[in-house]
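Novice: Dropping the structure in here first, questions after.
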Amino acid sequence: MTISTVCKGALLSKTLHSTSKDSDYKTLISECIGMLATISPPEICSVAPTSCGGLLLVLSSGCISLLQSDGVLRQIYTLALSCPLDCSNQISMQIYGSTLACIVYRTLYLVDTSTGRLLENIALKTDGMLFLNSREKNDIHFLSSTGMYVVKESGVDPTSKHLGRSDTARPDAVLVEAVFEEACRYYQRRSLSSTQLTVEKLKSGGMFQAPIALSSILGVYMKTKKASELPQGESLMALEQLKASVVSASDRKLSVSCETLVGQEVNRLLFSDLDRDNLLYLNVIFKTFPRESWQALQASLRLGSNGEGFLTAKAAPEVWKTVLSPVQAALAPLSSGQQQASSNGAAPVFELICRSLFTFQPKWLPRFVELAQQQAGASSWNYGGKESPESVPLYKRALCVLPREGQAQELQVELLLCSQRPNAVMQAMHILLELRRWERVAEVAQRFSQQSPLLNKEIFTTLLCEISQHRDLDPYLDLLWTLCPEDMTVTSILNIVLKSLPLCGREPGPFRTDRSQMSIGMLKPLLNKVLQRETKPSQRYADILQSPSFPPPTLPRQPRSVTEPAMATASPPLSSISSSVNDTSVDEGCSSPHHENK
């Protein structure tokens, strides 16, 4: 046996024996007197047993709770009443399957016991009492002064009264209802009370005069206007009619109506300036209707593919501004390792779109980020165009929606490359090296090496370190040697290779059998290329290197006859020889006394 209270739940659980006297109720209660004295009992207005062995309780605050047979007390629903309940009120309750039926103030409330959601409330003409039919336990039966009735689900006319919206067919009633709903949200945010504020309380309580006065003015104004003259009123009118058609639609037409409703709501929110409440509302739509939201996104952003298969987005500038608008406390970058949600628990619009793209069309995600970066850079508002402590780059925000590392690395590489940032490109390069995608590594190196000399040097150094450790990149050596920077020398290349060589243990033989070792022969084309560049003649000394060879060629001799003497010409006088010798410089080696005597 278990003794439970409404406030504290189970107090005592005990196994009873037929031979002992433990079944005495007064004795059992006396064991809990000390704890019961410290509890302020709530005012219970009504009690009703259930067919499952539980007990339904209604408190004066309107809270309906179920005290189960095992002692667990579970709150099911709180009635939104204009005045508190007391014991004089006639209340009837019963559980039919998974539905709670409760009659209060001539109103039948139907609540889902598993979720606590109000399914429907039906106005009754007279008071009634619920009862359980043993043959039809899942059907709701109640007895009134006019007869016995059973509640069954049936089609509802969109223009009929339903859930308190009897006048929703008129434009003025639609605007009045919208005013009260907006006022209800406004006052609820600023209220210090935990009691849920409803539209019925605003209408009947008379506590807030502003929405009542505004609704009266709108009611008089709308009588002189047509619905087509006010676009917002016409939109609200169409929305209310669509809601009514969703309620009364069959299972076959429900998906079409739901898709239309979600499409209108998503399009309306994307064309407006989102505040925190509307952003949270958009998150709920994406979470509840993921496929319908994806279809609405394609229509609002005008997503499609061109003839080459690339994604195109022809959205309006207002939509791009909403998509790229910065949200405070947005998701943290990927380097932090954790996702930090915004302050109200809602993800920004850009993250919602990226998550939907990743779910339904992951190949479009990198291209969408690239288009978003182009829009951010070309727009006047410049959201996400420049990195600052308040704004995170778009590619990092897109990386946050990806699952944990190791599950979407290919998509992560594409997002990093589409950013065109050096650090992101090198991060993608390291991921490709870990995945051993050698062909893709060579392609990325050739593509981004022309972006800047610093990035080219970083790519070449990384690949040279990788080549020093294994032979998987050997088919691409000719391509990689072309990436060698101009300022790279033979000494720097050899230093990089020596520092990157893997550590090897001692081998018993004098010869190594490891075929993955780097050899000078593999580096010979690169070293020859660098040496030729280092020994290339400079233009300053081009005239010296192009001088004639030494010694100069011999001058041709003049032919002479046989009878001509060998000394045909007279010797010059000694004075002339002496003067010519004295005029010769010392550097020519002709000023010694030996030459003078000769």
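Novice: Residue by residue, what Karplus-based ³J(HN,Hα) values in Hz, rounded to whole numbers, does segment 52-62 have, using 6.51, -1.76 and 1.60 with θ = phi - 60° and x for Gly and Pro?
Specialist: Once rounded to whole Hz, the list reads 8, x, x, 9, 8, 10, 10, 8, 5, 6, x.
Novice: Check GLY62: other-chain or 5+ apart residues with amide H under 5 Å from its amide H, H built from backbone geometry?
Specialist: Here LEU85 satisfy the definition.
Novice: If I take R0 = 45 Å and measure r between the Cβ atoms of ARG276 and CYS465 in this structure, what FRET efficiency does the formula 1/(1 + (r/R0)^6) give, to the nearest 0.05?
Specialist: So the FRET efficiency works out to roughly 0.35.
Novice: Right, another one. Between SER92 and residues 5 or more places away or on another chain, which pairs have amide H atoms under 5 Å apart, with H built 1.01 Å from N, and which residues are they?
Specialist: ILE103
Novice: Moving on. Order 301-309, 523-531 from most to least packed using the mean count of other Cβ atoms within 10 Å.
Specialist: 523-531, 301-309
Novice: At 7 Å along the Cα-to-beta-carbon direction for both GLN196 and LEU55, put a label point, then send me their distance in nm to one decimal.
Specialist: Calculated label separation equals 2.6 nm.
Novice: I would also like to ask the following. Give the shape of segment 58-150 as rounded, prolate or oblate, defined through the alpha-carbon gyration tensor: a ≥ b ≥ c are the square roots of its eigenvalues, a/c under 1.5 means rounded, and otherwise the shape is prolate if a/b is larger than b/c and oblate if not.
Specialist: It is oblate, given that a/c is not under 1.5 and a/b is not larger than b/c.
Novice: Pairs to check: LYS321/LYS363; LYS26/LYS137; LYS287/LYS321; LYS152/LYS201. Give those whose C-alpha atoms are more than 32 Å from each other in this structure.
Specialist: Correct reply: LYS26/LYS137.
Novice: Per-residue counts of other Cβ atoms within 10 Å, averaged by peptide: what ranking do you get for 209-217, 414-422, 187-195, highest first?
Specialist: Result, highest mean Cβ count within 10 Å first: 414-422, 209-217, 187-195.
Novice: Taking the Cβ of ALA313 as the center, what net charge do the other residues with Cβ under 13 Å away carry, scoring Lys and Arg +1 and Asp and Glu -1?
Specialist: +2
Novice: Report the extension gain between LYS363 and GLU120 in nm, rounded to one decimal, defined as 0.36 nm multiplied by the number of residues separating them, less their alpha carbon distance.
Specialist: Gain in length upon complete extension: 83.1 nm.
None of the figures in this text is laboratory data; all of them are computed from the coordinates on show. Only a predicted model underlies this, so the values are computations on that prediction, with no experimental measurement involved. Note: ideal-geometry Cβ built from the backbone for every residue, glycine included; neighbour counts use all protein chains shown.
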